[in-house]
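The values are calculated or read from the model by the stated rules, or taken from the named source; none is laboratory data. Since the structure is predicted, the reported quantities are computational estimates derived from the model, not experimental observations. Cβ atoms come from the backbone with ideal geometry, glycine included; neighbour counts cover every protein chain shown.
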Amino acid sequence: MAVFPLKIVTPDGLIFEGPVQSVSCRSIGGQVELMARHIDYCTALGMGEAHITTADGAVRRAACMGGMLSMIGGQCRLLATTFEWAEEIDRARVEQSLARAETLLAQNDLDAEQRERAQARRRRALVRRSVAERWGA
Amino acid sequence: MIGLAASSMKAIKLRIKSVQSTMQITKAMELVASSKLRRAKERVEHSRPYFETLYETLFKIAAADVDFDSPYLARRATHRRLYIVIAGDRGLAGGYNANILKETETDAAGQEYLVLPIGKKAVEAFARKGVPLVTKEYDEAGALSVSDSFEIAELVCQRFLAGEADEIRLCFTQFASMLTQTATVLPLLPFDAPKPAPGRRSMMLYEPDSKTVFDAIIPEYLAGVIYGALCESVASEQGARRTAMDAATQNAGAMIDHLNLYYNRARQAAITREITEIVAGAGS
């Protein structure tokens, strides 16, 4: 199958660079999948599972949150706020952050902003947990 | 006479001791700064591609599509600016803290402004001056992570959209090289879009549409810039501290040489005086 170059970058550095058959992730509009020779494309990312099919047909899965996905001139770039391979997700930390979010949300004296932040934290933790449970080591 | 010479010799000896122990400290600080600098430099290099690619994409969207207007692009008459100022947590870093604070003040001269300080030195300086602060929460520049910079970006975006600030600027220290660090003021919002070339339209497919994508990416971009600036500033702080401590160590060395010379001279004088007195005593 045709391949195209993909680069996955986060603020912590380059996560992946190389030819892939396809890349799929959750955008703000829903799950999208790009394959080779896609027209120039750009979207913002939501939170969810991402997976790439590498040149040899192997599938790698990850939890991917925020950022953008763009295809310009056949070059694909995935810029994510956080991008963790399923096998590298630290489950203990996920549970911790989930518990922290739950205790925060259980309090009644939160203002709207704090509540929103805690909810976002819970959502992130849930996404990471589901990815880790389904595909993690 | 002998008593006086001896006491001055002792005083010089003490002074040498104290300068020596200062030199030990500055030397140690220099070494610590060097090793921290290495790590900070790596972090700068890791964070750069993310921010550069984001900026490029935003630039392209804004340049190619003008048929939408985003609140982030709207230029308002500036009444109040919000400065995000990144300084250090500790002193003894040469002009690092002073330079960035001075740069901010020069830029803000004659303006009504509020500040979101990052780093203990920035928090203290602006609190002392009575400038209104957005938050004092970020008083440890060295410990801030990616998620903190996202929180800061969100906070700033909210202020901007609510009209509490008409312009957002970021003050940080650019890490040009090991020896050169430049205090910089970077306008963040409203986003400075280039004028699109007439008649050209991009063939880019935006999903769901260019405005939504642009508005969703702007906070990410800000967070990326803030994180990048934070990394640069932390590296600059270590660089500045290393240079300052290197200079201090050299100065201490020169001072010790100088004091040793005085000490030897005082010793020589004391010996000469004793001999003169003995000779004088034998002669009488």
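Going through (1) closer than 20 Å to B:A77 by Cα; (2) modelled with pLDDT of 90 or more one by one, B:E112 falls short only on (2). Selection of region B:106-132 for residues being under 18 Å from B:D166 (Cβ atoms), free of Cβ contacts under 8 Å to residues at least 24 places away in the same chain and of a type in the set (G, A, S) yields B:A109, B:G110. Against the numbered list (1) in contact (Cβ under 8 Å) with a residue 24 or more places away in the chain; (2) more than 14 Å from chain A (Cβ to nearest Cβ); (3) surrounded by 21 or more Cβ atoms within 10 Å (Cβ to Cβ); (4) of a type outside the set (K, R), B:E103 comes up short only at (3). For region A:22-70: of the residues being outside any strand (DSSP E or B), more than 9 Å from chain B (Cβ to nearest Cβ) and touching a residue at least 24 places away in the same chain (Cβ under 8 Å), which is farthest from B:M203 (Cα to Cα)? Top of the filtered list is A:G57. Answer yes if at least one residue in region B:118-126 is under 15 Å from the mean Cα position of the chain (by Cα) and in a loop (DSSP other than H, G, I, E, B), and no otherwise. Yes; the residues of region B:118-126 include at least one that is under 15 Å from the mean Cα position of the chain (by Cα) and in a loop (DSSP other than H, G, I, E, B). Annotation: of all residues in region A:4-14 being aliphatic (A, V, I, L, M) and crowded, with 19+ Cβ neighbours inside 10 Å, the one that is nearest to the other protein chains (Cβ to nearest Cβ) is A:V9. Just one residue in the set B:T135, B:T57, B:T53 is within 14 Å of chain A (Cβ to nearest Cβ), free of Cβ contacts under 8 Å to residues at least 40 places away in the same chain and within 25 Å of B:Q158 (Cβ to Cβ); that residue is B:T135. Residue pairs whose Cβ atoms lie under 7 Å apart, separated by 6 or more positions or on different chains, with the first residue in region A:83-101 and part of a strand (DSSP E or B) and the second aliphatic (A, V, I, L, M), are A:F83/A:I8; A:F83/A:I15; A:F83/A:A62; A:E84/A:A62; A:E84/A:A63; A:W85/A:A62. Every test in (1) surrounded by 14 or more Cβ atoms within 10 Å (Cβ to Cβ); (2) over 26 Å from B:G95 (Cβ atoms); (3) at pLDDT below 90 is passed by B:Q181 save one, and that test is (2).
Mind listing whichever residues of region B:229-244 are surrounded by fewer than 24 Cβ atoms within 10 Å (Cβ to Cβ) and not basic (K, R)?
Selection gives B:T243, B:A244.
Within region A:82-100, the set of residues being within 13 Å of chain B (Cβ to nearest Cβ) and of a type outside the set (D, E, K, R) comprises A:T82, A:F83, A:S97.
What do you reckon, is B:Y72 hydroxyl-bearing (S, T, Y), within 14 Å of another protein chain (Cβ to nearest Cβ), within 30 Å of B:A240 (Cα to Cα) and touching a Pro at 6+ places or on another chain (Cβ under 9 Å)? No: the conditions fail for B:Y72.
The set of residues from region B:146-181 being within 14 Å of B:L114 (Cα to Cα) and assigned to a helix (DSSP H, G or I) comprises B:L155, B:V156, B:R159, B:F160.
All conditions in (1) modelled with pLDDT of 90 or more; (2) farther than 23 Å from A:R134 by Cα; (3) buried (at least 16 other Cβ atoms within 10 Å of the Cβ); (4) within 13 Å of chain B (Cβ to nearest Cβ) hold for A:E17, with the sole exception of (3).
Looking only at region B:22-45, filter to residues that are touching a residue at least 60 places away in the same chain (Cβ under 8 Å) and within 12 Å of another protein chain (Cβ to nearest Cβ); which one of those is surrounded by the fewest Cβ atoms within 10 Å (Cβ to Cβ)? Even if it seems obvious, please write down each step before you answer.
To start, the set of residues in region B:22-45 that are touching a residue at least 60 places away in the same chain (Cβ under 8 Å) comprises B:22-23, B:26-27, B:29-30, B:33-34, B:36-37, B:40-41, B:43-44.
Those still in the list that are within 12 Å of another protein chain (Cβ to nearest Cβ) too: B:43-44.
Numbers: B:R43: 19, B:V44: 17.
Among those that are touching a residue at least 60 places away in the same chain (Cβ under 8 Å) and within 12 Å of another protein chain (Cβ to nearest Cβ), it is B:V44.
Set side by side, the residues A:R128, A:R115 differ, and just one is under 11 Å from the mean Cα position of the chain (by Cα), more than 10 Å from chain B (Cβ to nearest Cβ), surrounded by 13 or more Cβ atoms within 10 Å (Cβ to Cβ) and not in a strand (DSSP E or B), which is A:R128.
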